[in-house]
Amino acid sequence: MKKIAVFVSGGGSNFIAIHRQIIQGNILGKIVMVFSNNPNCGAIKFAEENSIPIFIINAARYPNAHTRDEFLLETCLKAEIDLICLAGFMKMLPQNIVKHYEYRILNIHPGLLPEFGGKGFYGTRVHEAVINTGKRESGATVHFVDEIYDHGPIILQKKVEVMETDTPESLAARVLKLEHELFPEVVKAFCENKIIMENNKPKILEYNEN
Ligand code: GAR
């Protein structure tokens, strides 16, 4: 059973999707703590309702970023965290965490990386850019996190068609639905030790696309 820490900033629908698959017994893991920069987000409300320990890591609580980063790593080490999931976390993860948990941090991105990623590309901005550049296809990506924003090795992507009539909001909704399948799928594979690195690329063992 893998111990999972989830980082969130918003509504938390990806966090909830992973939690649901755990409760249903499909993922061999347990969400043991939730970190957020935003104490008032939906994800934190859900964590509270489900008695999952919460840690708020914003500048109000930690005026000193170094102290915050030390606390974060210490807390994860003490809890013997196996996996970190960034489920709509809109901040850069501290470098000490990124270094310590290499190939053990997953991020979900609402676009087909490496396109439409990097600084400034998050949430609705990704969908606006996809529509504005006339792309016919978008999707979602789960990748390992490295020191560079949205840059780490891609594990799995799923695609959706972009319709002529799409607005950023309608596209976001369609992509988000896909994210709720994609992210739990990758977390499940990780918890079963089925993600391996082959020639510097992640590979999911026994993966059947359907
Ligand atoms: C999701 O679409 C996720 O891919 C995106 O934020 C949304 C969070 O929704 N993440 C990023 O843009 C990270 N750069 P949720 O809080 O309902 O899971």
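Give me, ordered by chain and number, the residues 5 or more places off residue 155 or on other chains with an amide H under 5 Å from its own placed amide H.
142, 143, 144
Going by alpha carbons, how many degrees (0 to 90, nearest 10) lie between the helix axis of 13-23 and the longest principal axis of the chain?
Relative to the chain, helix 13-23 is tipped by roughly 70 degrees.
Under the rule a/c < 1.5 gives rounded, and otherwise a/b versus b/c splits prolate from oblate, where does segment 115-174 land using the Cα gyration tensor?
Values: a/c = 2.49, a/b = 1.72, b/c = 1.45.
Prolate is the answer for segment 115-174, as a/c is 1.5 or above and a/b outweighs b/c.
For residue 29, list long-range residues whose amide hydrogen, built 1.01 Å from N in the peptide plane, is under 5 Å from its own amide hydrogen.
Under 5 Å from the amide H of residue 29 lie the amide H atoms of 2, each far enough along the sequence or on another chain.
List the GluC sites (Glu not before Pro) in segment 1-107 that DSSP assigns to loop (not H, G, I, E or B) and whose Cβ has at most 16 other Cβ atoms within 10 Å. Which are they? Working shown, then result.
Values: sites: 48, 49, 70, 74, 80, 102; in loops: 80, 102.
Taking segment 1-107 and a limit of 16 other Cβ atoms within 10 Å, the loop GluC sites (Glu not before Pro) found are 80, 102.
Against the longest alpha carbon principal axis of the chain, how many degrees, from 0 to 90 and to the nearest 10, is the axis of helix 65-78 turned?
Approximately 80 degrees, to the nearest ten.
For segment 104-114, take each phi angle, set θ = phi - 60°, evaluate the Karplus expression 6.51 cos²θ - 1.76 cosθ + 1.60, and give the result in whole Hz per residue in order, putting x for glycine and proline.
Ordered by residue, 3J(HN,Hα) equals 10, 10, 10, 10, 9, 10, x, x, 8, 4, x Hz.
By count of other Cβ within 10 Å, fewest leading, how are 149, 101, 207 ordered? It would help to have the intermediate numbers written out before the result.
Working: 149 17, 101 20, 207 14.
Ranking 149, 101, 207 by Cβ neighbours within 10 Å, fewest first, gives 207, 149, 101.
Rounded, prolate or oblate: pick one for segment 36-83, where a ≥ b ≥ c are the square roots of the eigenvalues of its C-alpha gyration tensor, a/c under 1.5 means rounded, and failing that, prolate if a/b is larger than b/c, else oblate.
Details: a/c = 3.01, a/b = 1.19, b/c = 2.54.
Oblate.
What does the helix-only formula give at 222 nm for the chain: each DSSP H stretch with n ≥ 4 adding -39500 (n - 2.57), the total divided by the residues, and the result rounded to the nearest 500 deg cm²/dmol? Mind showing how you got there, number by number?
Values: 6 runs with 72 residues, N = 210.
Result for the chain: -10500 deg cm²/dmol, rounded to the nearest 500.
If you take every DSSP beta bridge fully contained in the chain, what fraction is antiparallel? Give it as a percent rounded to 5. Before the final figure, lay out the partial values.
Numbers: 15 of 32 bridges.
Of the beta bridges lying entirely in the chain, close to 45 percent run antiparallel.
For the ranges 108-115, 193-200, what's the packing order if you count other beta-carbon atoms within 10 Å of each residue, average per peptide, and put the highest first? Write down the numbers at each step before the final one.
Values: 108-115: 21.1, 193-200: 11.0.
Ranking, from highest mean packing down: 108-115, 193-200.
Please report 9, 36, 170 as a ranked list, fewest other C-beta atoms within 10 angstrom at the top and most at the bottom. The partial results should precede the final answer.
Values: 9 21, 36 26, 170 14.
The most exposed by this proxy come first: 170, 9, 36.
Starting from the Cα gyration tensor of segment 54-210, take the square roots of the eigenvalues, sort them a ≥ b ≥ c, and report rounded, prolate or oblate (rounded when a/c is under 1.5, otherwise prolate if a/b is larger than b/c, else oblate). Don't skip to the end; give the middle numbers.
Details: a/c = 2.20, a/b = 1.35, b/c = 1.63.
Cα axes put segment 54-210 in the oblate bin.
Read-outs: derived from the displayed coordinates by stated rules, not from any lab. Just so you know, these numbers come straight off a predicted model, no measurement behind them. Methodologically, a virtual Cβ is constructed for each residue, glycine included, from the backbone with ideal geometry; neighbour enumeration extends over all protein chains shown.
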